[in-house]
Ligand SMILES: O=C(O)CCC(=O)C(=O)O
Ligand SMILES: [Fe+2]
């Protein structure tokens, strides 16, 4: 935010990141890792994710935009002992996948920080004032979440 020239006070940050959920992911070992599916391409439905991963590796983030040719670039995020990976969620549209190349199992613990359900999300007013237009329309976070979950349910696997 600071790089965008916007300073959010604590109450605004709480509203935008106050819904916290912890997941514990276990990826069972597979004798043929080339065949494992892992976690398919997605962005997290939240504002910011703090992720603790073990030393197995396998997390990749997408560099650049998706092209219609499907030649996406994936950059591996190597595990660093004791470090948290800070991943931006849908607010900044960071896509990632998990695909281990190890025959050992893998564990990760993401803490998702999302807006409170009734909070209005959209372009920050400070940026709209600066740029003269809003890049995103406003909507209630709960509606956005429900829309995505509904969309996901309809998508064939
Ligand atoms: O296991 C990981 O490293 C990331 C998992 C993930 O992307 C997620 O749970 O949304
Ligand atoms: Fe994720």
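No value in this document is a laboratory result; all are computed from the given coordinates. Remember, it's a predicted structure, so these values are computed and weren't measured experimentally. Positions of Cβ are backbone-derived with ideal geometry, glycine not excepted, and every protein chain shown enters the neighbour counts.
Here is how the numbers come out for the structure above:
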| read-out | value |
| --- | --- |
| Of all residues making up the stretch 24-43, the number that are surrounded by 15 or more Cβ atoms within 10 Å (Cβ to Cβ) and either farther than 12 Å from residue 97 by Cβ or more than 18 Å from the chain's Cα centre (by Cα) (or both) | 4 |
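Residues are listed down the side, and each one gets a yes or a no for (1) within 9 Å of ligand 1 (Cβ to nearest atom); (2) without any contact (Cβ under 8 Å) to a residue 12 or more places away in the chain:
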{"position": "51", "(1), (2)": "yes, no"}
{"position": "62", "(1), (2)": "no, no"}
{"position": "80", "(1), (2)": "no, yes"}
{"position": "95", "(1), (2)": "no, no"}
{"position": "102", "(1), (2)": "no, no"}
{"position": "108", "(1), (2)": "yes, no"}
